Amino acid sequence: MPKLKSNRGAAKRFRKTASGYKCKKAFRNHILTKKTKKRKRHLRAGLMVRKEDQGRIEQMLPYTI
């Protein structure tokens with residue numbers, strides 16, 4: 001049986017943790033001058049991938065068990 005390939009885009013965006021997968025929030029890359037300090041501060045914190053989406057992430061990253 002050949003090795004499975006990881007989805008490289010997913011590998012750059014998601015990290016496996018003990019309780020699931022973590023990812024970054026959107027809208028924190030550019031045009032930051034018009035966004036308030038409060039909004040940027042709240043965007044700083046990471047997110048956990050929702051339980052409904054974890055199966056898709058596991059398919060894209062087969063060797064992160």
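The values are calculated or read from the model by the stated rules, or taken from the named source; none is laboratory data. Keep in mind it's a predicted model, so treat the numbers as computed, not measured. A quick note on method: Cβ atoms are made from the backbone with ideal geometry, for glycine too, and the neighbour counts reach across all protein chains shown.
Looking only at residues that are in a helix (DSSP H, G or I) and of a type outside the set (D, E, K, R) in the range 17-43, which one is surrounded by the fewest Cβ atoms within 10 Å (Cβ to Cβ)?
If we take residues in the range 17-43 being in a helix (DSSP H, G or I) and of a type outside the set (D, E, K, R), then His42 is surrounded by the fewest Cβ atoms within 10 Å (Cβ to Cβ).
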For this session: Return the total of residues in the range 1-16 being over 12 Å from the mean Cα position of the chain (by Cα) and either at pLDDT below 95 or not in a helix (DSSP H, G or I) (or both).
Result: 7
Exercise. Can you name the residue in the range 52-64 that is assigned to a loop (DSSP other than H, G, I, E, B) and in contact (Cβ under 8 Å) with a residue 12 or more places away in the chain and is also surrounded by the fewest Cβ atoms within 10 Å (Cβ to Cβ) among such residues?
Worked result: Tyr63
Exercise. When Thr64 is evaluated against the numbered criteria (1) in contact with a strand residue (DSSP E or B) (Cβ under 8 Å, 6 or more places away or on another chain); (2) modelled with pLDDT of 95 or more, which criterion, by number, is the only one it fails?
Worked result: (2)
Problem set entry | Residues within the range 1-46 that are of a type in the set (Lys, Arg) and in contact (Cβ under 8 Å) with a residue 40 or more places away in the chain, tallied | 1
